[in-house]
Amino acid sequence: MNFDKFFKKGELIPAVIQEASTGEVLMLAYMNRESMEKTFETGYTWFYSRSRQELWNKGATSGHLQKIVDIYGDCDDDTLLITVEQIGAACHTGNHSCFYTKLKSFKTGENENE
């Protein structure tokens, strides 16, 4: 696999993590070349922490691992979609998904506070 094409625009690319069985979006994280290579080698997600500036294996400490089912690249080769079997919670808050806070709904008759 030639990883170079994914890093033509920068050193990091976003990776959207999705539950394979339900289609639920679990989280978004960033990968550098090294974390992407480790992800492909191990079959588990590895990311680059922008705040700590280091690699991290999702779930290595908590046990909430992400076993990869499929990896897709988008049409511009600058974003990944990774479908996983999530073991435990994906979010560091303990929620299954990091996307649990609704900001606004545009559905007719639905209140944002629901």
**OP:** Using θ = phi - 60° and the Karplus relation 6.51 cos²θ - 1.76 cosθ + 1.60, list the HN-Hα couplings for the stretch 44-53 in order, rounded to whole Hz, with x at every Gly or Pro.
**Re:** 10, 6, 10, 10, 10, 7, 5, 7, 8, 6
Original post:
Within the accessible area of the stretch 6-114, what % is carbon and sulfur when the probe is 1.4 Å and the other protein chains stay in place?
Top reply: 49
Original post:
So what does Trp56 come to for accessible area, using a 1.4 Å probe and Å² rounded to 10?
Top reply: 70
Subject >> Structure-based [θ]222 nm, the chain - -39500 (n - 2.57) summed over DSSP H runs of at least 4, per residue, nearest 500 >> reply: -2500 deg cm²/dmol
**OP:** Note down the accessible area of Val25, probe 1.4 Å, to the nearest 10 Å².
**Re:** 60
Original post:
What figure in square angstrom, to the nearest 10, would you give for the accessible area of Lys104 with a 1.4 Å probe?
Top reply: 110
Original post:
Using a ≥ b ≥ c from the Cα gyration tensor of the stretch 34-74 (square roots of the eigenvalues), is it rounded, prolate or oblate, where a/c under 1.5 gives rounded and otherwise the larger of a/b and b/c decides, a/b for prolate?
Top reply: oblate
Original post:
Using heavy-atom solvent-accessible surface (probe 1.4 Å) with all chains present, what is the largest-first order of Cys75, Cys91, Cys98?
Top reply: Cys75, Cys98, Cys91
Original post:
Per residue, what accessible area does the chain have, given a 1.4 Å probe and all protein chains present, in Å²?
Top reply: 64
Original post:
When only C-alpha pairs under 8 Å and at least 6 residues apart count, what is the relative contact order of the chain, in percent?
Top reply: 24
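The values are calculated or read from the model by the stated rules, or taken from the named source; none is laboratory data. The structure displayed is predicted, hence computed values, not measured ones. Remember, those area values only see protein heavy atoms, side chains included, never the ligands or the DNA or RNA. Shrake-Rupley method; radii C 1.70, N 1.55, O 1.52, S 1.80 Å.
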